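Presented below is the structure to which this report refers.
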Amino acid sequence: MMKNCKISAVLLLLMIAGAFFAFSCKGNPPPAGMADPDGDGLGQADWESAQADSLDHPRPNDLYFTPAPMPGLSAAPGVGNVTKERRDRGSALNADEREALSDSFKAAYVDGILRGQPITGVLGGDQVHGWPENSPSGWVQNWQTSEPRPNSWGIPSIILAVQSIEILTEMAQNRVFMVQGGVLDYYGKSSGSGGANGDRGYGSPRGEEFYYNGSIAQRFEKGLIVADWQGKGAFLPGLPPSDGLEAPREVGSFSPSPPGYTNAVGDAFLTAWKMALDRNIETMAPDGEGIYIPFANDPWGIPGGLVKGLYIQTFNKRTCLLVLPDTSALPRYARFIASPFLDVLLFPDDYPLPGSEGLEGLNINFTGGDAFIKRLMRGIALYGLPLSDPLPRRQDNPSKPWQEAQRFSRGWLAGSPGGSN
């Protein structure tokens, strides 16, 4: 698990060593798949500098790549439909508020698809409504899973899609998060604050599931719910680590502002910064303002639209980062990347992962960035755009049913079955 993303001693040494040594392949041309004219992509001098930094870097352990095409990026019919029942607080929303609420549920549904979640639409024609009913502190819509299992709610196929009413204050974005599986089962038990369940006992979710000591965990407003494969759960009370923290002014800041930059971009980075802390990342210290990498005059085509470039910001001496693709085709969520997946992206030629045989880098024509960014772009050209944060992914291994994985537009990076990752 990525407990933190502080710089390792080995990585620090390689950064120092990079100033004095040259990689054994010095003089070879930049690898295929990268633009090479001066100021564009990874040129000869940039490649040599990047290779010099790759001496003695840590090798990611037990990783493999599973190619997978991008899925369809549309929400199922009925997702995000807000109730107009007079007794529900949804009836009091104006048109703009209703549209924003609906869009947030649709974006969360698409995000669930990108995360590989087994969602199959709305459960029983349910609509977005205030929740809990008597004293609503959030919004909920019932979705359904293709992998039903008994749970404390008595509805095997249910997934809760939940948004806190205070989400804009807490997270800066209108985010909706799914509660499902073993976490959902525990969420329905009266083991929360004051012996209550659901929102009253645990609060609304503050992020999606993440890998936690071989199990899964999810952060809620009142604590952390942890669940293992056998359905055994635990509640660890406590405020989210990001609660009350003032973000450094650099978080989500891009100066000068790139073309098309809006406050929504800054909000996406601020929300992702808080979500990373709430995953038990110990610190997220920005290395400075972010950088925008435009795809020159050749946008990256994906299902549903074009990607004009990438917003990138690094943290903790470049041991982790946030990336937001500049496109309307994807949810506007900045993605968190850290070791071991970041190691693979930075040194893709040194780590030919099982499953990536024959995979060739895409020809991405971009401008800007130093050797670190260009090395990162080499990895993105090979494995694709980040489509998720690191997440727990199920595998067919009774002794280790969960693995930590991350979805990219060309497939999955994950710990090998039964491996130690």
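Out of the residues in segment 341-364 that are touching a strand residue (DSSP E or B) at 6+ places or on another chain (Cβ under 6 Å) and part of a loop (DSSP other than H, G, I, E, B), which is surrounded by the fewest Cβ atoms within 10 Å (Cβ to Cβ)? Taking the candidates together, the pick is P354.
Pull up segment 141-158, narrow it to residues that are farther than 25 Å from A68 by Cα and out of contact with any Gly (no Cβ under 8 Å at 6 or more places or on another chain), then point me to the one that is surrounded by the most Cβ atoms within 10 Å (Cβ to Cβ). Ranking the candidates gives I158 first. Before we move on, is G201 assigned to a helix (DSSP H, G or I) and either open to solvent by less than 60 Å² (accessible area, probe 1.4 Å) or not assigned by the TED database to the domain that holds P148 (or both)? In short, yes. Screening D389 on (1) within 22 Å of the chain's Cα centre (by Cα); (2) acidic (D, E); (3) farther than 19 Å from C320 by Cα shows it passes everything except condition (3).
Within segment 152-202, the set of residues being charged (D, E, K, R) and over 19 Å from the mean Cα position of the chain (by Cα) comprises E166, D185, K189, D199, R200.
Scanning segment 254-270 finds one or more residues that are closer than 23 Å to A100 by Cβ, touching an Asp or Glu at 6+ places or on another chain (Cβ under 9 Å) and open to solvent by less than 40 Å² (accessible area, probe 1.4 Å).
A quick yes/no check of all residues on (1) modelled with pLDDT under 95; (2) among the basic types (K, R); (3) assigned by the TED database to the domain that holds Q313:
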{"position": "M377", "(1), (2), (3)": "no, no, yes"}
{"position": "L385", "(1), (2), (3)": "no, no, yes"}
{"position": "K400", "(1), (2), (3)": "yes, yes, no"}
{"position": "R410", "(1), (2), (3)": "no, yes, no"}
{"position": "P417", "(1), (2), (3)": "yes, no, no"}
{"position": "N421", "(1), (2), (3)": "yes, no, no"}
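Here is the figure for segment 370-382: residues that are in contact with a helix residue (DSSP H, G or I) (Cβ under 7 Å, 6 or more places away or on another chain) and surrounded by 19 or more Cβ atoms within 10 Å (Cβ to Cβ) total 5. For segment 321-340, a residue qualifies if it is part of a loop (DSSP other than H, G, I, E, B) and closer than 18 Å to D111 by Cβ, and the qualifying residues are D326, T327, S328, A329, L330, P331, R332, Y333, A334. Only one of the numbered conditions (1) surrounded by fewer than 22 Cβ atoms within 10 Å (Cβ to Cβ); (2) more than 25 Å from R279 (Cα to Cα) is not met by K317, and that is (2). State whether one or more residues within segment 300-309 are assigned to a helix (DSSP H, G or I), assigned by the TED database to the domain that holds A338 and either open to solvent by less than 10 Å² (accessible area, probe 1.4 Å) or under 30 Å from N213 (Cα atoms) (or both). No - not one qualifying residue is present in segment 300-309. Can you report the number of residues in segment 373-404 which are polar (S, T, N, Q) and under 17 Å from S339 (Cβ atoms)? The number of residues fulfilling the criteria is 2. Within segment 292-299, identify whether any single residue is buried (at least 21 other Cβ atoms within 10 Å of the Cβ), in contact with a strand residue (DSSP E or B) (Cβ under 7 Å, 6 or more places away or on another chain) and hydrophobic (A, V, I, L, M, F, W, C), and answer yes or no. Checked segment 292-299: at least one residue is buried (at least 21 other Cβ atoms within 10 Å of the Cβ), in contact with a strand residue (DSSP E or B) (Cβ under 7 Å, 6 or more places away or on another chain) and hydrophobic (A, V, I, L, M, F, W, C).
The condition of being touching a strand residue (DSSP E or B) at 6+ places or on another chain (Cβ under 6 Å), free of Cβ contacts under 8 Å to residues at least 60 places away in the same chain and surrounded by fewer than 18 Cβ atoms within 10 Å (Cβ to Cβ) holds for only one of A227, A234, that being A234. Of all residues in segment 278-291, those that are of a type in the set (A, V, I, L, M) and surrounded by 21 or more Cβ atoms within 10 Å (Cβ to Cβ) total 2.
Results for (1) open to solvent by less than 20 Å² (accessible area, probe 1.4 Å); (2) without any contact (Cβ under 8 Å) to a residue 24 or more places away in the chain; (3) not basic (K, R), shown as yes or no for each residue.
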position	(1), (2), (3)
V82	yes, no, yes
A95	no, yes, yes
E99	no, yes, yes
S102	yes, no, yes
K106	no, no, no
G125	no, no, yes
P136	no, no, yes
I167	yes, no, yes
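The values are calculated or read from the model by the stated rules, or taken from the named source; none is laboratory data. Predicted, not measured: the structure shown is a model, and the values here were computed from it. Please note: Cβ atoms are built from the backbone with ideal geometry, for glycine as well, and neighbour counts cover all protein chains shown. Only protein heavy atoms, including side chains, enter the accessible area calculation; ligands, DNA and RNA are left aside. Shrake-Rupley method; radii C 1.70, N 1.55, O 1.52, S 1.80 Å.
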